[in-house]
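Data first, discussion second: the structure below is written as structure tokens.
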Amino acid sequence: MRKQIVNALKGPPPYAVAVERKDGSEVRIGPIEFAHVAEQMAHWFKIDARGSREGARGCAVTIVAYDERREHLPLVPANADAVLMVIEDPVQGSGAPFPDLWDRLCAQHGHAGAKKSWDLALVLMDGAQAEGEAEERDRERREARDAELRAGVLKVLEAYGTSSAGEAVQDIMALVSDVDGKAGVLR
């Protein structure tokens, strides 16, 4: 299953890193403008391929010429925003087949750079989730308050025997009016 490897670094940039998985599928990452970045990434993936990770073990990794006619995964900047944009993507996110987002971050930026970006992205995800939960609680409180107000209006309607909405509004405004007839002021 091994193909003859041609040193693509002898050609002009851009380059790509091709990872052939054990199942025969291939993923390409690129374009990569600098030979040292392509070499670093290929080296990282080859170490993973010799390791114990099931999805990575036995993969063939080569540096090839970038071919714009073929699909490539992009390089990932080492920042939390870029990580957040693709962390849940099934093709390239954290649950994707090797090389997933974490593998690509490590291959491009080293373990320390990847960890810093990854950790910050997770903190931001937790913050966004907490913000969403707070918004949901606020929405539920507003709905509960609105329900209480509607219940109060119904009580006014029952107490005063008002049959029309217009008369009910007048009765409610009268309840919250001051002596001068300005609505909205309780005394």
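The values are calculated or read from the model by the stated rules, or taken from the named source; none is laboratory data. Just so you know, these numbers come straight off a predicted model, no measurement behind them. Don't worry about glycine lacking a Cβ; one is built from the backbone with ideal geometry, like all the others, and counts go over all protein chains shown.
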**Asked** Quick one: is Gly58 surrounded by fewer than 17 Cβ atoms within 10 Å (Cβ to Cβ), at positive phi and not assigned by TED's automatic domain parsing to the domain that holds Gly110?
**Response** yes
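Output the residues belonging to region 75-107 that are among the small types (Gly, Ala, Ser) and within 20 Å of Lys46 (Cβ to Cβ).
Going through region 75-107, the residues among the small types (Gly, Ala, Ser) turn out to be 78, 80, 82, 93-96, 107.
Residues satisfying the conditions are Ala96, Ala107.
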**Request:** Pick out the one residue from His36, His72 that is surrounded by 13 or more Cβ atoms within 10 Å (Cβ to Cβ) and modelled with pLDDT of 90 or more.
**Result:** His72
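Before we move on, is Val19 surrounded by 19 or more Cβ atoms within 10 Å (Cβ to Cβ) and not assigned by TED's automatic domain parsing to the domain that holds Leu124?
Yes, satisfied.
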**Message:** If a residue must be out of contact with any Lys or Arg (no Cβ under 7 Å at 6 or more places or on another chain) and modelled with pLDDT of 90 or more, how many such residues does region 52-63 contain?
**Reply:** 2
**Request:** Determine, yes or no, whether Ala128 is under 23 Å from the mean Cα position of the chain (by Cα), modelled with pLDDT under 75, on the phi < 0 side of the Ramachandran plot and of a type outside the set (Val, Ile, Thr).
**Result:** yes
**Residues that are among the acidic types (Asp, Glu) and in contact with a strand residue (DSSP E or B) (Cβ under 7 Å, 6 or more places away or on another chain), drawn from region 24-38** = Glu26
